[in-house]
Each structure stands twice: as C-alpha cells, then as structure tokens.
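The numbers here are math on the coordinates, done by the rules we state, and not lab data. Everything quoted here is computed from the prediction, not taken from an experiment. In this analysis, Cβ positions are derived from the backbone assuming ideal geometry, glycine residues included, and neighbour counts consider all displayed protein chains.
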C-alpha cells in the first residue's frame, strides 16, 4: 500500500498547527473576508508562478502580498467601503487567474485540485514546503505575538505605547500569504479560510487566554484533519471538503456541550 | 525659573480634505499641571489629542515633547471583541509587561483591584475607565493624556474619577491633559482651561475662562447653567462652519 495517507496527515497537521494561532487573530480582528480575498488571489499566483518558471508557492505569496498592499492603497479613498473593495479584489483576481490560465495552452494546471485541495496527492516536496513555510510562519508569529495582540485590542493605544503598528500589520499579512500558499494543497483556495476560522471559532468557548485559544485552535484543526481524512476514506468523499465538514462538526459539538468557563 | 514644558503645541493647523479642523492652535502642559481641553462636539478636541500623541501630523505648526517623555494615554472608547478571551490583568499588561503584583498595585491605586481576574468584556463602563487609567499609570508616565475619561460613567463615578485624577497629579507630579465636555467637573479640578472650537476661543485659569464671553458663546445654555452668575458680551460668533465672524451687536446670552 502506498504511504499517501501518512503524507496527507503530516501535511494537513503542518498546516493546521499554524492555521490555529493565525486564525485566532483573523477572528479577533474580523478579517475573515480579507483572508478569503487573499486566498482567491492564490490561483492567479499559481498561474504566474508557473508561467514565470519560479514555483507556484512563491507566486502565491507574491500575489497575496500585492493584493494586500493594493487594498491598503485603495482604502485611502473614502467612497467605497472595505468589504466592497475586498469583493472587487477577490473576484477580479480569481477571474484573472482563470482567464490567464485559458491563454496559456502549454501550461497544464489541475484547476480542481487548486480550488478544492488535493491532500491525498501531497508528495515529499510538498511536505518540505508545508513544514518549512509553517514553521517559519509560526516562528515569526511567536515574535510578533505581543505587539500584534496589543494592536488587535486597540491600534492607537498600541501606537502610543510604542508598537510599530504598520510594520506589524504588514508582517501579519505576509504570514497569511505564506499560510495560504502552503495550505492550498490541503483544502484548496476556496476553502482555506475555513481552516483558519472554524477551529478558532470552536476554541473560543473553552479558552481563558489568547494563547490558550490559539493552542486549542491548533488542536481542533489537527483533529479536523484526522477526522476529515478518515471520513474521506471511509465514505469515499472529497478530502478537502471532508476536512472542512469535520471542523464544522467539532465546532457544532463544542457549541452545545457545557463549558466550565463563564463566558 | 519656570520648568520646561512637557508638551508645547504651537500654531498647529490641520485640515481634512480642505475642511479646516484646527486653526493656529497653541497648547502647553507643564509638570504637575492639569490642563483641560473643552469644546463642543466637532470642535477638533480629539484631532488635537491625536496630533499631540503623534497619531496625526499637523499640516503646519509644531508639536514638541520634552526629550524622553513617557506618555500615558487613555483613549475615548475601547471595546474588546467578545471573541478575544482576555482578563483585565492581561489587558493592563499589553502595553507594559509587569508582574501580577505591580498590576494589582496599579489597579488598587485607581480603585479597581477587584476586577483583576475578570474578563475585560465583563466589567462595567466605570471599571473599564479605571482599568484604562491603570494601564496608563503602569507606564510611569510624565504626561497623562485622558480623552473624555468620564464618558459613560454615572455622576457619582464622575466625581470619584476626578478626585482620583487630581490625586494622581499631587502624588506623581505628572502633567495631565484632559479632554472633556463635562464643564462643571473640569472647571473645578483644573489649573488651565482651553476652550476649543477649531481655534482657541479662550484660555486661562478656570475663573478667567468662565468670565470670557467666548466661553458662554461656545457653550450656550449649558455654560450659563454652570456659571449662571457671569454676565458677558460676545466678541465674535461662529457661522455654520464654525468659522469666526464678527458680532454686529453685543447681546447678552
């Protein structure tokens, strides 16, 4: 028997470990739609990375960062709200990716696997990317933790207290871009946000501190990967969506069982 | 020789998309002094505070802080998302890492030691104001900047907070810049009042300001209630945009 299953598990767990703490910040900062927009632009990154002959992951990181910066610039005008801008960016970049792909007759990209993930096809090279990218992101996030938390609670107060809010925010966007680029393989562009926010949402009721919530989100994420893969094999369902359904199930179960905490 | 001011603002102008918000504003705070910034909504108080804090840059004019000045800031409104599990202790130490005992001491100083371990979302508005003050105090500030510190606090709590703030000045000798529209309280506790309505309408000791025609002009009936005994004459009016226009006839308010 092929060892695709251990590779899938290892890859999924690598992504879930980082997605947990990063996702808690996305939940706290109400940036779910922002994450979704960056993820949508991922396909364009894949195409550009392939065309330019670098590699898809770097293409995704670069494209996500460009979109994030474009948003920062666009937010300076005052006649369109941020969610409108995000909607424009998300769907424009996704469509641009698909249109560009249609022009490139020589390039073959497995569209479905990028859109919905192909965790069972993860190979050894992917694993290096996933663990390398995620360990890097976790390390940066650990260093960024205090200032990012302070800026999340109150940005101006943090600035007065000496937090370099703008660089911290840019670094946070870079982390989201990195995690999206490596999580694509697992759940795909269209479902990445779920891996960021559902475990974090499930963790909220049981957490008494920000760090506790981040840790729990990681654990819930890993459990969702395991459960989802098992369900996918058991009932022969698509793996990425099965992982998302597993995360949602954990969230629902967590919402109904009583917790010790008052809040 | 007078002490070097902690903060000097000179001739500051600020406009948003062509709309003047601040016109030639001056402001000074020295150590041990409580300066109150009062003015109606939209007078530019918060903008001036944000310029003082370095959050905004003036279009022209100067903001000078004494070198190595430590600023404690209490923002006007703060709501922590319910999604973030955060105790008061963690909240207070977000700006300045400190051991639990120091946090307890700071909270005791502002009369909020009992909420040390409570979730920050679960405490009352008055408690949150005290917690914010404790967070500012933990920085051992030379200058405290308090933006509407008694907003949303009941009347009793307001007097308590003002007592607390004037006590801090005595004990710590720090300068305090306080923004408010609660005139009666501000007038009682401060050394210097600046009446702002885009430009500095009048400023000086509370008694002086209270006699100033511009003060009663600015605060209308509320100002009259607060200082009913003062008779006054206008020296200017404000048009709909807040710009100063000369009064044609002096009238009584």
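With no solvent and one equal point scatterer placed on each C-alpha of the range B:74-142, evaluate the Debye formula and give log10 I(q)/I(0) for q = 0.12, 0.24 Å⁻¹, two decimals.
One equal scatterer on each Cα of the range B:74-142 leads to -0.25, -1.06.
Report the Stokes-Einstein translational diffusion coefficient (µm² s⁻¹, integer) for the range A:1-84, Rh taken as the Kirkwood radius over Cα pairs, at 10 °C with viscosity 1.306 mPa s. Working shown, then result.
Values: Rh = 15.0 Å.
Result for D is 106 µm²/s.
Kindly identify the protein assembly as shown as rounded, prolate or oblate by the Cα gyration tensor criterion: order the square roots of the eigenvalues as a ≥ b ≥ c, call it rounded if a/c is under 1.5, otherwise compare a/b with b/c, prolate if a/b is larger, else oblate. All intermediate terms of the calculation are to be shown ahead of the outcome.
Numbers: a/c = 2.92, a/b = 2.01, b/c = 1.45.
Here the protein assembly as shown falls in the prolate category.
Per DSSP H run of at least 4 residues, take -39500 (n - 2.57); add these up for the protein assembly as shown, divide by its residues and hand me the 222 nm value, nearest 500 deg cm²/dmol.
Details: 20 runs with 288 residues, N = 516.
Counting only the DSSP helices, I get -18000 deg cm²/dmol.
Quick one: A:218, A:41, fewest Cβ neighbours within 10 Å first, how do they rank? Mind dumping the intermediate values first?
On the way: A:218 24, A:41 27.
Result, fewest neighbours first: A:218, A:41.
At what distance in angstrom do the alpha carbon centres of the range B:102-176 and the range A:54-84 lie from each other?
40 Å
Give the Kirkwood hydrodynamic radius (Å, one decimal) of the range A:31-130, defined as one over the mean of 1/r across all pairs of different Cα atoms.
Details: mean 1/r = 0.0696 Å⁻¹.
Over the range A:31-130, the inverse of the mean reciprocal pair distance is 14.4 Å.
Roughly what % of DSSP beta bridges within the protein assembly as shown run antiparallel, to the nearest 5? If you can, show how the numbers build up before the last one.
Working: 21 of 39 bridges.
The answer is about 55 percent antiparallel.
Within 10 Å, count the other beta carbons around each residue, average over each peptide in B:26-39, A:136-149, and list them highest first. Please report the intermediate quantities before stating the final value.
Values: B:26-39: 21.1, A:136-149: 16.9.
The peptides rank, most packed first, as B:26-39, A:136-149.
Using a Förster distance of 56 angstrom, determine the FRET efficiency expected from the C-beta separation of residue A:109 and residue B:15, and round it to 0.05. Walk me through the intermediate numbers first.
Details: r = 51 Å, r/R0 = 0.91.
Taking R0 as 56 Å, the efficiency between residue A:109 and residue B:15 is 0.65.
Find how many whole Å separate the alpha carbon centroid of the range B:1-50 from the alpha carbon centroid of the range A:145-175.
26 Å
Given q = 0.14 Å⁻¹, what are the Debye log10 I(q)/I(0) values for chain A, with equal point scatterers placed on the Cα positions and solvent ignored?
Debye output, listed in q order: -0.96.
Using Cβ counts within 10 Å as a stand-in for footprinting exposure, how do A:213, A:31 rank, fewest first?
Lowest count first: A:31, A:213.
Would you mind ranking B:127, B:10 so that the residue whose beta carbon has the fewest other beta carbons within 10 Å leads the list?
Values: B:127 21, B:10 14.
So the ranking, lowest neighbour count to highest, is B:10, B:127.
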